[in-house]
Structure formats: structure tokens, C-alpha cells
Amino acid sequence: MISKKDVLHIAKLSKLEFSDEEIEKFTTEMSTIVEYVNTLQNVDTSDVNDELSVLPLNDLRADQVKPSLSQEDAIKNAPKKRSGGFSVPQVVE
Amino acid sequence: MDYTQLSILEVAKLLREGKVTSLELTKQALQMAKEKESFNALTQVFEEDALKQAALVDEMFKSGKELPLLAGVPITIKDNINLTGKKTTCSSKFLSTYVSPYDATIVKNLKSSYAIIIGKNNMDEFAMGSTTENSAFGPTLNPRNPQYIPGGSSGGSAAAVAANIGYASVGTDTGGSVRQPSAMCGVVGLKPTYGLVSRYGIVAFASSLDQAGPVTKTVKDSALMLNVLSCHDEMEETSVKRDKIDYMQSFTGSVKGIKIALIKECFGDGLDEEVKQKIMDAKSFYESQGAEIIELSIPVFNDILACYYILSSAEAASNLSRFDGVKYGFSIENPKNLNDLYLQNRSKGFGKEVKRRIMLGNYVLSSGYYDAYYKKAKKVQKKLVKQFAEVFKLCDVILMPTAPTPAFKIGEKVGDPLSMYLSDIYTVPVNIAELPAISVPCGVSKNGLPIGMQLIGSKFSETTLFNVADVFETQKEAK
Amino acid sequence: MNYDTVIGLEVHCELKTQTKCFCGCRNNFGDQPNSNTCPVCLGLPGALPVLNKTAVEYAIKAGLAFGCTINNETVFERKNYFYPDLSKAYQISQLEKPLCVNGIVEINVNGKTKQIRLNRIHLEEDAGKLIHDGIGGTVVDYNRGGVPLIEIVTEPDISSADEAVAFLEALKSTIAYTGISDVKMEEGSLRCDVNLSVKPAGSDQLGTRTEMKNLNSFKAVYRAINYEQKRQIEEIEDGHKIVQETLRWDDSIGESRSMRSKEDSQDYRYFPDPDLLPVYISPQQVLDLKNSLPKLPNVLKAEYMEMGLSNYDASLLTETKQISDYFTEVLTQINQPKLVANFIINETLRKLKEDGENKISANDLSKLLVLVDKKEISTTAGKQVFEAMWNTGESAESLVEKLGLKQMNNDDELKTMVESAITANPQSVADYKGGKTSAIGFLVGQVMKASKGKANPQKVNEMLKELLG
């Protein structure tokens, strides 16, 4: 039901890469799961309203500065850091 | 003397009577952690910090200061809860070296109560799983029988408490991950009403379903823990603002006149006979205590698992996108380019189940499928909320199994993800409907494996749940 | 073949709040990298967003300034994609229920007025900054990540580069008045992307459009539109199809380059952010915010023109709120719009360009202008005093005294001077009597010189005319 092409496309969106064998396996597994969740289509939801639970404007956070992390703490876990920032491969714009 | 098998309330009393010190309790808990290391319930142990903390608390006790009930009591917390200066691994290769610069709000609460956090619990990677077999650090074993799973994803929490490593654990429950392992290990597990316990600082799996909850040996301990954990948090928009309740006042000792419902959709195929029997025994017990038993229906009940997998996977896929290896986490040495960096970091850093959920989640959110899956699931969720509301008009609590079977053997369902998902059938509706539920041990299978019963209440009815659960725990013979 | 150009703009505007959109970190430009960050805006595991009330109020104000309808219930969605400057790998934005819909921006190009419709204005968070260090590396600074932005999307109502620039100027001017943003393109608090397509003139069918980014000034927008318009027309005339793509404008060479290849068409998988509740704004709250808006430049301009000022002068006076506030304040003390406008436009604005800071208070300026109005000093003298006031900070009154500029009011004395001038300049008199009316100017000048500027030039003019016949 889900094609290999679908799985490859989703893998791209997910930034995940799989071997050919894994793609085969994934396609089968996902098809089974998707077939299962498809049963939801049979549930009648015509009587359900779209009302949302809301937050009144006055209950929102006040615009007051709170302490930030130090630069050191912010980049502490960075796998690659440079000049106080997070280093990444050159981004081609 | 060996204090490890006692409850929080029991040791709290002893601490105040001066019969034991926090240092002793902590030393014993740490010792137990060493002895029971083979169960693999913990990913990290904080021996030095714990002993230091315990000594400080002992000073406070000595000075006559009045302290919260949890003070000086060793506990563990699941490894997806942030604790400053310690690793938050989520049992994932991706975060195996990540050190947190901040405390989760619940950790702040635990620290304010002077609890002694002796270590962090193993779990299914990123809380995705029902067996704790999905951990990058090896599975946790069921203390009742180490060939069996402890349940998941808070398997390490339940196993630790069952093995008397600390007196309680804080786990997280998105689709049953506190209740189900509690049932399988024979301890008490609570999932509070959504919004009652802060999510800030807990690594998100499914934002609209996640709730932290205590794993304890007794129901009264669970109430004590909820007192500490529950609060309004301004760091979380979905945190509810309510008058603070003292859950220790829940216990009347009686269920006379309480209406307990059995949901007929829960007793079909797939339910293990032994489990069914134990639930029926519990029902009879409650009847004998003056409760009224009624049979009600939630027609959409059996569709909720599908609903859960759509919503939780979608939210998880998005929540886990931040794991790219740029700011923190697993990152390869020489990527060819940016895209390669992302692909390799994520493919190598995440385990199979996590990838499966991310793929499913992005599929149901993707263009062309969003309406049919995600939007539809949201509607089904509303339908369930409505049906639960109808049921709670006619009863006080719902009684059903926590899991359809007792624990199964390690490795038994690893190759069959769908069959694994089906073991969540009784727990996920509770998360979907944002309700509170507690799992209480109600018997043992002929294999000696624990069986748990689940009591579900309407929103913010934890007091009722505690009372009804406590009556069973304290007054029913033969457990 | 004639072509129509169809342009839609997407403008992003940074809001001047104290803190970021979803966390309490400082919203400030130019600090040390990653020094205004926290678990939330860094996307650390476990962190959660909490919406900033002022950001919502500012966004609503922007919508109200352009006549938008404010949605009482508004929802935030996650826009999912991977990029190093996006710490959570999703941007919190708005899709289905934005804060503001349907507005109008009125522009004026070559004397013609046109209304550009706004499709929506919504609130979202900014991404961090990528710093390319030139030696083959990129470094990410998340200070800007999480700063609140409003995104203003127009309908494709714009038809030329001139209109686009007029739109941006009107937008910038109005938003500056509301005080919600600095709207400076050079500083990045105002950014613009252009969507452009062409079609045969009069045709109903829209062409394929391209998107242009990296436009860092109004001039760049102007040049880019003209370039792209020309390029597309040339492509079509050459028989090629326009490729739907995103282009990066390079202003230094005046050309665009393709940014993203076709196969990378993004699926953002929008869904409502489960960490954020929909926000409810009551009609009363919307009304209160509307009432809190100052008078906007287009309204003020119309008022000034009604006072008798020209379109051009009214525009100058409404360029910034500082100037129009100043004008208004001076007017309360001396109700002579043309006189006040004269001095502010020709003197104040000129000095501001040199000095940057207005050295004369509204009160002090009005005192000077009262003197001019009462003809106690001439206008020319007034300008001299203005300059002295600007440089010394002394009052008009004391400077008039010091500089001896009090206008002559003695008519007899004046008549004597006029008669002297007539006597001393027979050639000019002859020229004037001979029909050269402008010769009188020279004579007026001579009297002004003799009186050391104290004579009232109009009176001199009248007297000369009377005496010369």
C-alpha cells in the first residue's frame, strides 16, 4: 500500500537514510502500520465540533527579560564550536 | 537493619523518629543499585552527589527543621528528565554524552523537597516503546523474572522500585509508559491529569499526551509524590492553574456508594484469561465493599490505538527534528556537506523504533495525507473525550486491565512492531482523553508475573482514584 | 507584445519587544554570539515555548494600522524544515488562523493613488544568523533565533518597481509611527521577498512566478524587479518556459542566481503547535489597541493639506512621527501652519541632516515664530535667529536683542530711507517706471541694506510702489 518511492520521500523529509535492505523492510512494516491506522477512516466524526480551548490575551507572558544562559553554557554541548558559535559545514546559499 | 523494602511513608516516620538517617537510607539504596546492576534499571548513578545531599539533609533533620515528607528519601528519575550538570541520555546513542544546563521544573520541585536523586532510569529510547528493549544501553530486566520484560517505556523506573533501588521513581507516560511497566513489575504507577504536572524540562515525545508520573510501592506514597510533583508552571502554556490539593487527604478507607464502571469494549479478544480473571476478582472485591458496579460502553474505544499512533508519531517526528547534531548530540567527524551531516547524525544516532515513529509521523503529516490522518485523528480524539464524559456522568471510576497480558519474554515481540503496539490498548485512551489513571498490582500470573489493574477517573479526580486504589491495596488479602 | 508584471511582496518586520517571541531572552541586536539564548530558543531537549503578550499586541497594532480584520481566535502552527539557523528544525508560525487578514496600503505613484491589498499579517519567530567566515566554514549564532516577526503578505496587486518601492515606503512609514518596529532594512528589521510573474497585457492567465530573496535595500528591490521582469519577458520571447524557482539577488552585480534546485520543493508539514494554546483576543481588547494607535501618517497628511499645505510639504512633515509630533506641538502655540511648516521644513529638517538631534524645543521655536508672525522681526531675520538658537541654545527674545534684529516699525524713518534709495538709484527707478517691475526688488534690497535688515520688506515694497507710482 505504501510504495518504496513514498518511503524514500519520507526518509528525505525525516533526514534519515537507509540501506536498500532496510528500505524494503521499512516499506513492509510501514504498510502494515498504515493499513492499521487507516481503520480510523471508518469512524464517524460528523458530530464532532471544532471548538478550541483558548488562552485569553491577558494570560500571556509579560514582556520582561529573564536571565539567559551564558555563551559558555549555550555552546557547551556543541560537537563543533568556533568563535562563540556552532560550527557547521559551509552553507551554500 | 535493611530499610530498602519499606515505603516512603514508613522511612519518613523513621527519619523523624531519629531511628535512621538519610545517609543510611542512601547508602543502602546505592548498595542495592550495585547488587541489582544486572537488571540494568539505571543508566547513571550519582553516588557522590547523593551521599553529600543526604548528609546535608541529616544536618537539617538534626537542627529540628520541619521538612517535607520526601526529604532525605532516595529516589530515581527517568533519563528523559533534565537535571543540571548531569547527562540526559533518553537511553539514546544520540544523547549519550549530552549534559543538561538546566533543571526540569519537576526536578526543581524534588530538590525543594530535599529528595535524594541517586540516579537516572533506563528507558525505551526517547520513550518510544513498551518493553525497554529499545534502549541504546541494553534492555532492563524484570526483577520478578529477569527473562521477562519489565514493560516500557519507563521500564527502568518500575524495575528500580520493584527491586528496592530507591523508594520511588518519576517516569513519564505518553501511552501507558508509567502504568504498564508498573503493572508488569508489580508496583504502583500513576499518570496524572494532563497539565497537572509540568512538562518543562522533560524531553518531549508527544507534547499533547506526555505526563510525568510517580512509580511507588504503595498508593499513599503515590499521593505523597503527586503533592511534590504537581504545580502550575509559567514555563509551560499547557500547565493548568488550580488550587493546590493535599492528596494525602484522599484516604477515607471506604468505597461505599462509589460507582465503578466496567467498559464492555475492554473485554474482547486479545485479553489474557488470567488478567481478565484478576480484574473480575477486583470487581467482586469492590462489590463486597459496598461499591456499585455498572457496565458501560465507549464505542470508539478500540479505534483509539490507531488514533494514538497517528497523533503521537506526528508530534514525535516534529519534536525529534531538533536532534541534528549541530547544537548538541551525536555528530559525525567529516561530513561531506550539510545534508550529509544531518543524514548521518540522525541515521546513526537513532535506534530502529525511533526511526519507525519519525517516518510514520512525517508520513501522516505530509502533504496530501494531513487531512486524512492527523486531522481525522484529532476528530476521533474529540469523540473519545465526549464518550468518556458521558461515562463519567454515570460513574466515579472505570476499572479495566492495565495491559492485555502479563510481561512476555525479552525478544519475543521485537520483530513484530504492530503486535507490540497492541499491548498499549488499555492505556492509550487515557492519554488521548487527558485523564488521570493509576495502575495497582492485583495479582500474579501462574508464571509468577505481576498483573496490574487500572483505575481511570475524570479530569482532576486523582483524590478519588487514590482512595479507591488504596482500599484495594490495604484491604484485599492475597495480592 | 506588451506585458503586465504581477508582483506580490512578502515583508518581514522585526518587532521591538524587550524579549523574544517564545522565551524571556533579551531581544537585542549586536550582542556577543549566543549570549541571549536559553533552552527554549536553543532548542534544547525538554524546553517549551511560551508566547509573549507584547508581541501579539504589536502584531495586532500593525494589522489595525492597515485596516485589517483581527481574528479573535488565532492559532500557531509548526513549519517543519531543516536548516542550521533553525534550532528546533521547525519555525513557530501561523497558517490557517493568522492574527490579521485583509488590509490595505495606499500608495501614490506619479500622482496616481492605488490601493495594495494585504492578504494577511501574522506573527512568527525569526531564525538565528549564519556567519560565513570566508575560510570555508559557517558559524551559527542563535541570538536572533526566536525574535518576534510579523510577516506581511500582499495580494499580487503591485505592477511595477516604482509601485513596489512606494509600497515599502508607505509600509515603513506607517509601521514606524506605531512604534512596534525600527523598520530599518539596513539593520535587518525590515526584509522583503519579491514574487514576480509576467503575462501578456490584459490576459487573465497568470504566468509562472519566481521568488527573489536577499533584497537588502529599497534600491535593490527596485533593481531586482526591473531585472527579473526583463529576464522573464526575454525568456518568454525566446520561447522558453519560466521555471518556478527561488532566486538570490546579488546587488553588487545586479543579477539573480538560482537558490534551490527543483527537487528540493519543501513539504513543511504544518500542524498546530501542541505546546501553544490558541489565543483569544476580545473585541474590546482589539478596540483598546486601536485607540492606542497614534494618528497615522496618511491621516495626518490629509489634515495638513486641509490646513493649506502642499502635498509635498505635508509629506515631508509626516515622514517621521518625531517631526509630525513636533509640528503639532508648535501649532498648539502658534496656529500658523504655513509659517510653522516653512521653518520646520527649510530650517529644522535641514539642520537635522547635519546634526541628527533637534536642538530647538517646540516651545522655543514657537516663541520665535510668534515674533515673526507679529512682524517684530522679518522672516529673513527669523532664519538668522533660528540658526543662532540652534548653535547657542539661547532664547529667541534674547538673540533678537543681541543681534539687533528688531524690525523697524517707525514709518517716518522708513520713508526717509525709501526716499534716499530712490534718489541714490535713478537707473533702477527709470527701469521700473519703464516697465521692468522686477527692478523694484533691487530698491527693496537697498533699503534692507541701509536698515541693516530691520526694515519690513513688504512695507518697503508698498512704500516704493506708492512713491514711484
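The values are calculated or read from the model by the stated rules, or taken from the named source; none is laboratory data. Keep in mind that what you see is a predicted model, and the values were worked out from it rather than measured. Positions of Cβ are generated from backbone atoms using ideal geometry, with glycine treated the same way; all protein chains shown enter the neighbour counts.
Residues of region B:230-270 that are of a type outside the set (D, E, K, R) and within 14 Å of chain C (Cβ to nearest Cβ): B:HIS232, B:MET235, B:THR238, B:SER239, B:VAL240. I'd like to check something: does region C:330-341 contain any residue that is touching a helix residue (DSSP H, G or I) at 6+ places or on another chain (Cβ under 7 Å), surrounded by fewer than 18 Cβ atoms within 10 Å (Cβ to Cβ) and under 22 Å from C:ALA176 (Cα atoms)? Within region C:330-341 (the criterion being touching a helix residue (DSSP H, G or I) at 6+ places or on another chain (Cβ under 7 Å), surrounded by fewer than 18 Cβ atoms within 10 Å (Cβ to Cβ) and under 22 Å from C:ALA176 (Cα atoms)), the answer is no, since none of the residues qualifies. Taking C:GLY254 as the residue in question, decide whether it is more than 14 Å from chain B (Cβ to nearest Cβ), on the phi > 0 side of the Ramachandran plot, surrounded by fewer than 18 Cβ atoms within 10 Å (Cβ to Cβ) and within 31 Å of the chain's Cα centre (by Cα). Spelling it out, C:GLY254 is indeed more than 14 Å from chain B (Cβ to nearest Cβ), on the phi > 0 side of the Ramachandran plot, surrounded by fewer than 18 Cβ atoms within 10 Å (Cβ to Cβ) and within 31 Å of the chain's Cα centre (by Cα). Select from region B:84-95 the residues that are within 12 Å of chain C (Cβ to nearest Cβ) and either surrounded by 24 or more Cβ atoms within 10 Å (Cβ to Cβ) or polar (S, T, N, Q) (or both) and list them in ascending order. Result: B:THR84, B:THR88, B:THR89, B:CYS90, B:SER92, B:PHE94, B:LEU95. Taking the criterion of being out of contact with any strand residue (DSSP E or B) (no Cβ under 9 Å at 6 or more places or on another chain) and under 30 Å from C:ASN226 (Cα atoms), no residue of region C:1-52 qualifies. Can you spot a residue in region C:107-128 that is modelled with pLDDT under 95 and within 13 Å of C:THR154 (Cβ to Cβ)? Taking every residue of region C:107-128 in turn, at least one turns out to be modelled with pLDDT under 95 and within 13 Å of C:THR154 (Cβ to Cβ).
Looking across region A:1-15, the residues that are among the aliphatic types (A, V, I, L, M) and within 8 Å of another protein chain (Cβ to nearest Cβ) come down to A:ILE2, A:VAL7, A:ILE10, A:ALA11, A:LEU13. Restricting region C:420-436 to residues that are farther than 15 Å from C:LYS449 by Cβ and in contact (Cβ under 8 Å) with a residue 12 or more places away in the chain leaves a set whose member that is surrounded by the most Cβ atoms within 10 Å (Cβ to Cβ) is C:TYR432. Starting from residues that are in contact (Cβ under 8 Å) with a residue 60 or more places away in the chain and within 30 Å of B:LYS378 (Cβ to Cβ), keep the ones in region B:211-229 and report whichever is nearest to the other protein chains (Cβ to nearest Cβ). So, considering only residues that are in contact (Cβ under 8 Å) with a residue 60 or more places away in the chain and within 30 Å of B:LYS378 (Cβ to Cβ), the one nearest to the other protein chains (Cβ to nearest Cβ) is B:ALA212.
Total residues in region B:72-83 satisfying the condition of being under 15 Å from B:SER112 (Cβ atoms), in a strand (DSSP E or B) and either within 14 Å of chain C (Cβ to nearest Cβ) or of a type in the set (S, T, N, Q) (or both): the figure is 1. The residues of region A:65-76 that are basic (Lys, Arg) and more than 7 Å from chain C (Cβ to nearest Cβ) amount to a single one, A:LYS76. The number of residues in region B:55-85 being within 19 Å of B:VAL203 (Cα to Cα), under 21 Å from the mean Cα position of the chain (by Cα) and not hydrophobic (A, V, I, L, M, F, W, C) comes to 5.
Exactly one residue out of B:LEU23, B:LEU69 is assigned to a helix (DSSP H, G or I), surrounded by 15 or more Cβ atoms within 10 Å (Cβ to Cβ) and touching a helix residue (DSSP H, G or I) at 6+ places or on another chain (Cβ under 9 Å): that is B:LEU23.
Matching residues to (1) more than 22 Å from B:PHE388 (Cα to Cα); (2) in a helix (DSSP H, G or I); (3) away from chain C (no Cβ under 14 Å):
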| site | (1), (2), (3) |
| --- | --- |
| A:TYR36 | yes, yes, yes |
| A:THR39 | no, yes, yes |
| A:LEU52 | no, no, no |
| A:ASP63 | yes, no, no |
| A:ALA78 | yes, no, no |
| A:PHE86 | yes, no, no |
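Would you confirm whether or not region C:13-31 contains a residue that is outside any loop (DSSP other than H, G, I, E, B), within 14 Å of chain A (Cβ to nearest Cβ) and hydrophobic (A, V, I, L, M, F, W, C)? Within region C:13-31, none of the residues are outside any loop (DSSP other than H, G, I, E, B), within 14 Å of chain A (Cβ to nearest Cβ) and hydrophobic (A, V, I, L, M, F, W, C).
When the test is whether a residue is more than 14 Å from chain B (Cβ to nearest Cβ), among the charged types (D, E, K, R) and within 30 Å of C:ASN311 (Cα to Cα), C:GLU106 passes it.
The residue that is nearest to the other protein chains (Cβ to nearest Cβ), counting only those in region B:104-163 that are over 18 Å from the mean Cα position of the chain (by Cα) and under 25 Å from B:PRO441 (Cα atoms), is B:TYR148. When we screen C:ILE175, C:ILE131, C:ILE104, C:ILE152 for residues that are buried (at least 22 other Cβ atoms within 10 Å of the Cβ), assigned by TED's automatic domain parsing to the domain that holds C:ILE242 and in contact with a Gly (Cβ under 9 Å, 6 or more places away or on another chain), the only hit is C:ILE152.
For B:TYR247, indicate whether it is under 25 Å from the mean Cα position of the chain (by Cα) and touching a residue at least 24 places away in the same chain (Cβ under 8 Å).
For B:TYR247, the condition - under 25 Å from the mean Cα position of the chain (by Cα) and touching a residue at least 24 places away in the same chain (Cβ under 8 Å) - is met.
For residues that are among the small types (Gly, Ala, Ser) and in a helix (DSSP H, G or I), scanning just region C:47-81, find the one that is farthest from the other protein chains (Cβ to nearest Cβ). I'd like the intermediate steps shown before the answer.
Within region C:47-81, the first condition is being among the small types (Gly, Ala, Ser), and the residues that meet it are C:47, C:55, C:59, C:62-63, C:65, C:67.
Narrowing the set further to residues that are in a helix (DSSP H, G or I) leaves C:55, C:59, C:62-63, C:65.
Values: C:ALA55: 7, C:ALA59: 11, C:ALA62: 16, C:GLY63: 14, C:ALA65: 18 Å.
Restricting to residues being among the small types (Gly, Ala, Ser) and in a helix (DSSP H, G or I), the top hit is C:ALA65.
When every residue of region C:381-391 is checked against the conditions, none turns out to be out of contact with any Leu (no Cβ under 6 Å at 6 or more places or on another chain), in contact (Cβ under 8 Å) with a residue 24 or more places away in the chain, crowded, with 17+ Cβ neighbours inside 10 Å and in a loop (DSSP other than H, G, I, E, B).
With respect to (1) buried (at least 23 other Cβ atoms within 10 Å of the Cβ); (2) touching a residue at least 12 places away in the same chain (Cβ under 8 Å); (3) within 8 Å of another protein chain (Cβ to nearest Cβ); (4) not β-branched (Val, Ile, Thr), the lone exception for C:LEU44 is condition (2). Pairs are defined by a Cβ separation below 7 Å, a sequence spacing of at least 6 or placement on different chains, a first member in region B:308-332 that is within 16 Å of B:ASP173 (Cα to Cα), and a second member that is among the hydroxyl-bearing types (Ser, Thr, Tyr) and in a helix (DSSP H, G or I); the pairs so defined are B:TYR309/B:TYR421. Only one entry of C:GLY137, C:GLY145 meets the criterion of being within 27 Å of A:SER87 (Cα to Cα) and either under 17 Å from the mean Cα position of the chain (by Cα) or surrounded by fewer than 19 Cβ atoms within 10 Å (Cβ to Cβ) (or both), and that entry is C:GLY137. Which of the residues that make up region C:307-329 are free of Cβ contacts under 8 Å to residues at least 40 places away in the same chain, surrounded by fewer than 18 Cβ atoms within 10 Å (Cβ to Cβ) and of a type in the set (Val, Ile, Thr)? C:THR328, the sole residue that qualifies.
For residues in region B:458-479 being surrounded by fewer than 24 Cβ atoms within 10 Å (Cβ to Cβ) and touching a strand residue (DSSP E or B) at 6+ places or on another chain (Cβ under 7 Å), which is farthest from B:GLN387 (Cα to Cα)? Here the residue is B:LYS479. Would you confirm, using the coordinates I've provided, whether C:GLN229 is touching a Leu at 6+ places or on another chain (Cβ under 8 Å) and over 28 Å from C:GLY63 (Cβ atoms)? Criteria met by C:GLN229.
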